[in-house]
Amino acid sequence: MYRLISYNLHSGVGRDSVQDYARIGRMLATKHADFVLLQEMDTRSATRNTAADINALCEPGGYTFVPAATQIRPHGWFGNAILTRHPVIKQNVVPLNVAHREPRNVQKVWVQTPEHTLLLHNTHLGLSRTERRKQISRIGNELESEVLNADVPALLAGDLNEWWYFSSLFRPLKRYLKSVKTGLSFPSHLPVFRLDRVWLSEHCKVVKSGVINERQTRHYSDHLPLFADFEITTDV
């Protein structure tokens, strides 16, 4: 069995306005995830040490860090990242940029598990509904080539920024992936929106899933992390 966590870090800044990746790294280590998909990873502050912040996230849980920047500045970068305890085979970053909007991407990382190669998709969609529709269409194209045609076990997770309760936005994904029931994740102190989501391919069987709603997670970001425990099977 494998555990996935998806977490919008809010630049590592908690509700106390303190940027502290070390406490997040310690918390993640206690959750024993195989893969952690992060959004809003932020190393742009000139007052901080990028390498030290990344090590603080990874070292407690024994993770390899795979970055996928959407913005690069002289001191650091902002964007998505994946932490993995399994070997990385290859990686790719697909731009989801829409004109006059904040840069976005979908991060793709292939990892080798004992059973099979697994393809991880990590993303953070835009704030405009029109923007999100274009981005979901592009993600669908990626899923068709890498999941449907190549028959690879895969998952997609992240902050999808969809506020509507009864949304048709994700309908194009149903051809490739199945939605996982998790829960409300935003805002962390009193969650009323399901901004963060997880999908798995038919090769993956969900064992347990939900939101990690604890004192620490309510404090460390404005989003709550999601988790999904799953098994990989090639019998589909």
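Test residue 103 against the stated conditions and say whether it is surrounded by fewer than 17 Cβ atoms within 10 Å (Cβ to Cβ), more than 13 Å from the chain's Cα centre (by Cα) and closer than 16 Å to residue 40 by Cα.
On the way: surrounded by fewer than 17 Cβ atoms within 10 Å (Cβ to Cβ): yes; more than 13 Å from the chain's Cα centre (by Cα): yes; closer than 16 Å to residue 40 by Cα: yes.
Considered against the rule, which asks whether it is surrounded by fewer than 17 Cβ atoms within 10 Å (Cβ to Cβ), more than 13 Å from the chain's Cα centre (by Cα) and closer than 16 Å to residue 40 by Cα, residue 103 comes out as yes.
Within the stretch 98-121, the set of residues being polar (S, T, N, Q), modelled with pLDDT of 95 or more and more than 23 Å from residue 29 (Cα to Cα) comprises 105 only.
With a requirement of 2 or more residues that are open to solvent by 40 Å² or more (accessible area, probe 1.4 Å), on the phi < 0 side of the Ramachandran plot and polar (S, T, N, Q), the strands (runs of 3 or more DSSP E) lying completely within the stretch 1-95 that satisfy it span 88-95. Just one residue in the set 194, 171, 138 is touching a residue at least 12 places away in the same chain (Cβ under 8 Å) and out of contact with any Asp or Glu (no Cβ under 8 Å at 6 or more places or on another chain); that residue is 138.
The residues listed here are 184, 155; of these, the one that is among the aliphatic types (A, V, I, L, M) and open to solvent by less than 30 Å² (accessible area, probe 1.4 Å) is 155.
Taking the conditions exactly as written (under 23 Å from residue 44 (Cα atoms), touching a residue at least 40 places away in the same chain (Cβ under 8 Å), open to solvent by less than 80 Å² (accessible area, probe 1.4 Å) and of a type outside the set (Asp, Glu)), does residue 113 satisfy them or not? Against the criterion (under 23 Å from residue 44 (Cα atoms), touching a residue at least 40 places away in the same chain (Cβ under 8 Å), open to solvent by less than 80 Å² (accessible area, probe 1.4 Å) and of a type outside the set (Asp, Glu)), residue 113 does not qualify. Return a yes/no flag: does the stretch 219-235 have any residue that is in contact with a Cys (Cβ under 8 Å, 6 or more places away or on another chain) and among the charged types (D, E, K, R). Yes.
Residue pairs whose Cβ atoms lie under 9 Å apart, sitting 6 or more positions apart in sequence or on different chains, and linking a residue in the stretch 59-83 that is within 20 Å of residue 118 (Cα to Cα) and at pLDDT 95 or above to a partner that is among the aromatic types (Phe, Trp, Tyr) and surrounded by fewer than 19 Cβ atoms within 10 Å (Cβ to Cβ), are 67/77; 81/65; 82/65; 83/65. Among the conditions (1) surrounded by fewer than 21 Cβ atoms within 10 Å (Cβ to Cβ); (2) touching a residue at least 60 places away in the same chain (Cβ under 8 Å), residue 230 misses just one, which is (1). When 201, 168, 209, 128 are checked against the criterion of being closer than 27 Å to residue 69 by Cα, among the hydroxyl-bearing types (Ser, Thr, Tyr) and either surrounded by fewer than 21 Cβ atoms within 10 Å (Cβ to Cβ) or at pLDDT 95 or above (or both), 128 stands alone in meeting it. Sub-7 Å Cβ pairs linking a first residue in the stretch 156-168 that is at positive phi to a second residue that is assigned to a loop (DSSP other than H, G, I, E, B), at least 6 apart or interchain, are 161/125; 161/126; 161/127; 161/195, ordered by first then second residue.
The values are calculated or read from the model by the stated rules, or taken from the named source; none is laboratory data. Predicted model, so just to flag it, every value in this text is computed and none were measured. Positions of Cβ are generated from backbone atoms using ideal geometry, with glycine treated the same way; all protein chains shown enter the neighbour counts. SASA here: full protein model, heavy atoms, side chains in, ligands and nucleic acids out. Shrake-Rupley method; radii C 1.70, N 1.55, O 1.52, S 1.80 Å.
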